[in-house]
Amino acid sequence: MRERQVIAPEELKRQEEICARVMERVTADGQRPLAMVDTYGCQQNEADSEKLRGYLALMGYGFTQDEFQADVIVVNTCAVREHAEMRVLGNVGALNHSKKARPGQLVCVCGCMVQQQHMADKIKHSYPVVDLVFGPHELWRFPELLDRVQTKHRRVFATAPSDGAVAEGIPVRRDGKVKAWLSIMYGCNNFCTYCVVPYVRGRERSRLPEDILREARELVAAGYKDITLLGQNVNSYGKDLPEPVDFADLIAMVNDIPGDFRIRFMTSHPKDASEKLFQTMAACEKCCHQLHLPVQSGSDEILKRMNRGYDSAKYLRQVALARQYMPDLVLTTDIIVGFPGETEEQFNDTLRLCEQVRYDAMFTFIYSKRVGTPAASMPDPYTREEKQVHFDALTALANSISLEKHAAYEGQTVRVLIDGETGRDEYNLSSRTDGGRLVHLKGDPSLVGTFADVKITASSTWALYGEITE
Ligand code: SAH
Ligand code: SF4
């Protein structure tokens, strides 16, 4: 086993010292400079952006959503599909306007997209508006990189290939006060043939249980009520640690922290979701009965070519087992339509599997070719239009099942966590059930951050509507 790489605490201390130096410099005129962080992609990126904001706050920056007010702009990118990359490039190109209007503005692009060499090169040559580029492996030394750009007045590119390390002690500035992301591991070892994540995020590495538990305790003490444990495949948690600990053990340990809060997690890879996990979810009163178990395809041949490590029969056995332990389980999935060479028959296998499982919600994607992945060189004879027809059929099925599942809540009373305001009059509060279903409510804004019992009065494909009961 590869030895787990850790960034030395002295290195992180040095970043803090740099933050103090930057703060002194950028606030020397008595004004507070502003930063904008723009995030694309998954929850892991949201969590990373909270660290970028943590560092920026330590460097003396306030925050804005307006690029014309920002002295530093950080665009945290995604590489999972081409669509996200196109959006990033379009938006980064448009920053020419704000930079012209605000000379001295610094533009930083970080995250998975730029960890791909061809994308870093593209930015270097075609996007002169960008001053700093750094990949996910360099996030822990963002202060040092920004300081270099500011003091040396030249562009900096930090995207060397890396297997990745674990850095503890980066400051975090969280977005909300109710729900929190908590990364438990980084990277991925699975190399699904369509996916770029293992190439840009490095090898799987787990945080130590004591570091995770310390952060979870701090979150509970700060009043957070909903903690989502994050990893590309949480079921691999602990495999790289010297002590024998797995993901189910970790859930049980977080569950033991006193307080009134919920535990969620994502994502679970079906190849190694275990009976122990389902048992633990059922036994831990704080753990939500919500499982995101991406199946990707219902065809055994496609699953094999995706290198997913399970077939549809194994997947269905897991779903049955999870539902046996948790009859109220809310189950969601990801599906890729139009994987290279996917035939009508193979697509129909996916439809059949979805009809059989009846997911509460499905996240569906049209296959996107990713540079350097094995699937990129597989023959792909079907047109985008043909794939779109399948995609639309799958979406229609997903929506009709969600609608039906939501309608079944009507008349029931469910416990929700009120997590925010909607800005609308009729239903001014948003909340989530234990299973993660969205419920719109009417009530006093002071209720945000509290649990309530709610009678469901109406429903749609996307949401439930209810009234708080006494
Ligand atoms: N680690 C998670 C997924 C991370 S990516 C897991 O394995 O479940 C999130 C989702 O994006 C994947 O589940 C997959 O459905 C989709 N995806 C990944 N690569 C893709 C590609 N090249 N084209 C289309 N969808 C993709
Ligand atoms: Fe990508 Fe597969 Fe890893 Fe998920 S498990 S991040 S889909 S390679």
Rounded to the nearest 0.05, FRET efficiency between Met378 and Arg352 (Cβ-Cβ, R0 22 Å) equals 0.40
Descending packing, highest mean Cβ count within 10 Å first, for 252-262, 228-238, 176-186 is 228-238, 176-186, 252-262
Semi-axes (Å, rounded, descending) of the ellipsoid equivalent to the chain per its C-alpha gyration tensor are 36, 28, 24
So, for the Cα atoms of segment 26-176, Rg and Dmax in Å stand at 14.3, 43
For the chain, longest principal axis from Cα atoms; helix 344-357 axis from its Cα atoms; angle between them, nearest 10 degrees, is 80 degrees
Expressed in angstrom and ordered largest first, the alpha-carbon extents of segment 42-84 along the principal axes are 34, 22, 11
Here the Cα Rg-to-2.2 N^0.38 Å ratio for segment 169-316 is 1.08
Over all directions, segment 265-384 yields a Cα convex hull whose mean projected area in nm² is 7.6 nm²
For the chain the mean separation of alpha carbon contacts under 8 Å (6+ apart) over residue count, i.e. relative contact order in percent, is 10 percent
Distance in Å, no decimals, from the C-alpha centre of segment 217-258 to the one of segment 1-42 is 26 Å
Cα-based Rg/(2.2 N^0.38 Å) for segment 227-313, rounded to two decimals, is 1.19
Check: C-alpha center segment 309-363 vs C-alpha center segment 71-116, spacing in Å is 36 Å
Flagged as over-length at 30 Å C-alpha distance, from Lys271/Lys455; Lys314/Lys387; Lys276/Lys455, the pairs are Lys271/Lys455; Lys276/Lys455
Between the modelled labels at Glu24 and His118 (7 Å from Cα along Cα→Cβ) the distance in nm is 4.6 nm
Counting only DSSP beta bridges with both partners in the chain, the antiparallel fraction in percent, to the nearest 5, comes to 35 percent
One checks the Cα atoms of segment 343-422 and finds Rg and Dmax, in Å, of 17.5, 52
So, with points 7 Å from each Cα along the Cβ direction, the Gln279-Lys369 label distance in nm works out to 4.8 nm
From the Cα centre of segment 165-189 to that of segment 400-465, the distance in Å is 27 Å
FRET efficiency for Tyr427 and Asn91 from the Cβ-Cβ distance with R0 = 35 Å, rounded to 0.05, comes out at 0.65
Asserting the computed 222 nm helical MRE of the chain (DSSP H runs at least 4 long, -39500 (n - 2.57) per run, divided by residue count, to nearest 500) equals -11500 deg cm²/dmol
So Arg148 and Arg214, fully extended at 0.36 nm per residue minus their Cα-Cα distance, gain in nm 20.5 nm
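Since every read-out is calculated from the coordinates, none of them should be taken as a lab result. Being a predicted model, the structure only gives us computed values, none of them experimental. Using ideal geometry, Cβ is built from the backbone for each residue, glycine included, and neighbour counts are taken over all protein chains shown.
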